[in-house]
Amino acid sequence: MRRSEINACIRQAKDLYNSISFRLPEWAHYSPADWEQQPDLAQWCHAHQMGWDVTDYGEGRFAERGLILFCVRNGILRQPGEVPYAEKIMIVGENQECPWHYHKVKMEDIIVRGGGNLVIELYNLGKDGEMDKESDVQVRTDGKLNILPAGGKVVLEPGQSVTLPRTMIHRFYGEEGKGPVIVGEVSQVNDDLTDNYFFDTDARFTKIEEDEAPIHPLWNELGQ
């Protein structure tokens, strides 16, 4: 992605978060120069994978396959004394896919905080490590048990949520005609370096073409 595209994504996200009165921490608005004055905080956020994250999964098709994220709080996986939880706030566009993946460690709640509707499609993980295309999926939405066929979907409206257990294969996207979705995530510790298992992409992070200066660095650029 071009840096100008990433900057535009961050501006859009900030406007949408403001539209539902979701306030980001002070350092969400730091410029690169501001971060240079806060080296301890920069190293902390980098180690905890906290801050801005914009990805097109290395495919250059952000509108079709991409995600804007901000990690508000997080621990460090398998590190004694760290908090055992994480929280993210994300933007998902209409028909913009977060591709098929699962987590071995992280259990998560996906919550629609505002905007449009979020469609989540689900499979169980088979013993061979592939999608189990036969067995029913059991998943709870706001505590309500749903039994779905393999590949079944739930559609979440604002205020609704789904609990995804470990190893449940999922993808999600914004429902067409409903506008961008403001999505929250409350989970166990999030580690995007080691606990994402994708099926049809290998790139979690984006290669950046520097066509303009960043308004805010991404978390993996902090403390560098």
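The values are calculated or read from the model by the stated rules, or taken from the named source; none is laboratory data. What you see is a predicted model; the values in this text were computed from it and never measured. Heads up, the Cβs are rebuilt from the backbone with ideal geometry, glycines too, and the neighbour counts pull from every protein chain shown. Side chains included, ligands, DNA and RNA excluded: accessible areas come from the protein's heavy atoms. Shrake-Rupley method; radii C 1.70, N 1.55, O 1.52, S 1.80 Å.
Within segment 103-127, restricting attention to residues that are open to solvent by 20 Å² or more (accessible area, probe 1.4 Å) and within 13 Å of the chain's Cα centre (by Cα), the residue that is nearest to residue 17 (Cα to Cα) is 111. Taking residue 70 as the residue in question, decide whether it is within 27 Å of residue 131 (Cβ to Cβ) and in contact with a helix residue (DSSP H, G or I) (Cβ under 7 Å, 6 or more places away or on another chain). So residue 70 fails the test.
Scanning segment 1-47 for residues that are open to solvent by less than 50 Å² (accessible area, probe 1.4 Å), more than 29 Å from residue 59 (Cβ to Cβ) and without any contact (Cβ under 8 Å) to a residue 24 or more places away in the chain returns a single hit, 41. Within segment 199-219, residues that are on the phi < 0 side of the Ramachandran plot and of a type in the set (Phe, Trp, Tyr) reach partners that are in a loop (DSSP other than H, G, I, E, B) and surrounded by 15 or more Cβ atoms within 10 Å (Cβ to Cβ) with beta carbons closer than 7 Å, at six or more positions or on different chains, in the pairs 219/49; 219/50. I'd like to know if segment 201-217 contains one or more residues that are over 30 Å from residue 34 (Cβ atoms), under 20 Å from the mean Cα position of the chain (by Cα) and outside any loop (DSSP other than H, G, I, E, B). No: zero hits. Note on segment 139-184: residues that are over 19 Å from residue 101 (Cβ atoms) and open to solvent by 20 Å² or more (accessible area, probe 1.4 Å) total 19.
When you look at residue 59, is it open to solvent by 10 Å² or more (accessible area, probe 1.4 Å) and touching a residue at least 60 places away in the same chain (Cβ under 8 Å), yes or no? Lay out the reasoning, then the answer.
Numbers: open to solvent by 10 Å² or more (accessible area, probe 1.4 Å): yes; touching a residue at least 60 places away in the same chain (Cβ under 8 Å): yes.
Yes, satisfied.
Within segment 173-207, the set of residues being at pLDDT 95 or above, among the β-branched types (Val, Ile, Thr) and in contact with a helix residue (DSSP H, G or I) (Cβ under 8 Å, 6 or more places away or on another chain) comprises just one member, 182.
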